[in-house]
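Structure record follows, encoded as structure tokens.
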Amino acid sequence: VVAGYLVFQQWREGTEAVLDSTDGQDVGMVDDPTAPGFVAFVAPTPTVLVVHVDDDGGLVGVTVLAQTALEEGGMAVLLSRDLLVPLADDEALLAQIHADGWTAALEQAVADLLGFGFTVDPVVIEPEGLQQWLRLVDPIPSNLVDDLTALDGDGSERVEIEAGGREFDGTTLATVYGWRNPGEWDANRVERQQRIWEAWLDRIGEADDLVAVTLVFPLSPFLQSLGAGTDEVVLPPVEPVSFEGAPALYLLDAADPLWTRQLAEMVPLPVSARPGQRATVRLLDGIGDP
């Protein structure tokens, strides 16, 4: 009992000593950007990986979205499913990585390829979901350069959707997004996907109610920024690699100066693709002529 009383007294006297103390230094936040000691905490550029799949779960394509300027614009990068990317001790197609490791492995492979990570969990879009989202702003004008064809049982081709510029409903445009003609290089399909993204974002930008036409959580902030502001839908520079009797594969030309600049503009404040890969920087004496 005596020990307990002494402990209580010591705690009370220590607490009063701390509360009555006038030692130390008052450190306040400097909120004037031109004053010494000003510190700003900046949020990373919002980024997300969009994984497009077909009805069987196979990879159709990959889109990386970034809100380069919040509520004022952004950028989208489209990657082919047949893009060959380096791994830790090997290389593989994005489609194969997706098939073997599902979304997490694909997200890491794309992050390593582009040099930055993602601030939002990956979004998987199935054909039915894409139809619903495109229907929010349809009809959508677009130009279909080639006929979309399929093979009959006797090996002859039939035209499913004719080429030409016109307005498409969301259901048809979602079909076009994933369509690949017999023997067609995937680069052709990615170009069709690029035109669909551009037309989709244009229609969003024309809407009176941005929220109503972008009910695609968690993509809504990205679609609103790219639709209402300056958007750029980019196909990275790739080189086709063909093997006899096999479809063409693609290699990223990371040395392209235009692509390097676009990548830097796309994500000015990136998160690391892997923990510890990027240093944290504190800028001192950053006052003066911007």
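The values are calculated or read from the model by the stated rules, or taken from the named source; none is laboratory data. All figures in this text were calculated on a predicted structure; none of them were measured in a lab. Note: ideal-geometry Cβ built from the backbone for every residue, glycine included; neighbour counts use all protein chains shown. Each accessible area value is taken on the protein alone, full model and side chains, heavy atoms only, with ligands, DNA and RNA left out. Shrake-Rupley method; radii C 1.70, N 1.55, O 1.52, S 1.80 Å.
5 Å is the cut-off here: which amide hydrogens, built 1.01 Å from N in the peptide plane, fall below it relative to ILE125, excluding neighbours closer than 5 in sequence? It is VAL51, HIS52, VAL53, by chain and number. Ranking LEU130, TRP185, ALA35 by Cα position along the charge dipole of the chain, where only Lys, Arg, Asp and Glu carry charges on their C-beta atoms, puts ALA35 farthest toward the positive end.
Taking the convex hull of the alpha carbon positions in the range 1-123 and averaging its projected area over all directions gives 17.6 nm².
The charge dipole of the range 1-95, taken about its Cα centre with unit charges on the Cβ of Lys, Arg, Asp and Glu (plus for the first two, minus for the last two), comes to roughly 140 debye. The Rg/Rh ratio for the range 170-259 is 1.07, where Rg is the radius of gyration of the alpha carbons and Rh is the Kirkwood radius.
Each semi-axis of the equivalent ellipsoid for the range 106-264 is √(5λ) with λ an eigenvalue of the Cα gyration tensor; in descending order they amount to 27, 25, 14 Å. For GLU162 and VAL281, the FRET efficiency from 1/(1 + (r/R0)^6), where r spans their Cβ atoms and R0 equals 51 Å, is about 0.40. Largest mean-square fluctuation among ILE161, ILE125, ILE204, in a Gaussian network model of the chain whose springs join Cα atoms under 10 Å apart, belongs to ILE161. Simple point charges give the picture: +1 on the Cβ of Lys and Arg, -1 on the Cβ of Asp and Glu, and for the range 31-165 a dipole about the Cα centre of about 460 debye. Largest mean-square fluctuation among VAL39, VAL159, VAL190, in a Gaussian network model of the chain whose springs join Cα atoms under 10 Å apart, belongs to VAL39. Put a plus charge on the Cβ of each Lys and Arg, a minus charge on the Cβ of each Asp and Glu, and nothing anywhere else: the dipole of the chain about its Cα centre is then about 480 debye. For the range 201-274, averaging the sequence separation of C-alpha pairs within contact (under 8 Å, six or more residues apart) and dividing by the residue count gives a relative contact order of 20 percent.
Just so you know, the Cα atoms of the chain work out to an Rg and Dmax of 26.2, 99 Å. Taking the longest Cα principal axis of the chain as reference, the axis of helix 186-206 is set at about 60 degrees. Extending 7 Å from the Cα toward the beta-carbon at both VAL42 and ASN143 defines two label points whose distance is 3.8 nm.
Leaving out ligands, DNA and RNA, what percent of the accessible area of the chain is carbon and sulfur, probe 1.4 Å?
Values: 8900 of 16800 Å².
Its accessible area is 53 percent carbon and sulfur atoms.
Coupling constants for the range 145-161 follow from the phi torsions by the Karplus curve (6.51 cos²θ - 1.76 cosθ + 1.60, θ = phi - 60°), and in residue order they are 6, 10, 5, 9, 10, 9, 8, 7, x, 8, x, 7, 8, 10, 7, 8, 9 Hz; glycine and proline get x. Quick check: Cα centre of the range 131-203 to Cα centre of the range 25-99, how many Å? When both Cα centres are located, 27 Å separates them.
Out of every Cα-Cα pair in the range 59-106, what percent are more than 14 Å apart?
Numbers: 639 of 1128 pairs.
The calculated P(r) of the range 59-106 puts 57 percent of pairs beyond 14 Å.
So which residue, out of GLU184, GLU157, GLU244, gets the largest mean-square fluctuation from a GNM of the chain using Cα contacts under 10 Å as springs? Looking only at GLU184, GLU157, GLU244, the biggest GNM fluctuation is shown by GLU244.
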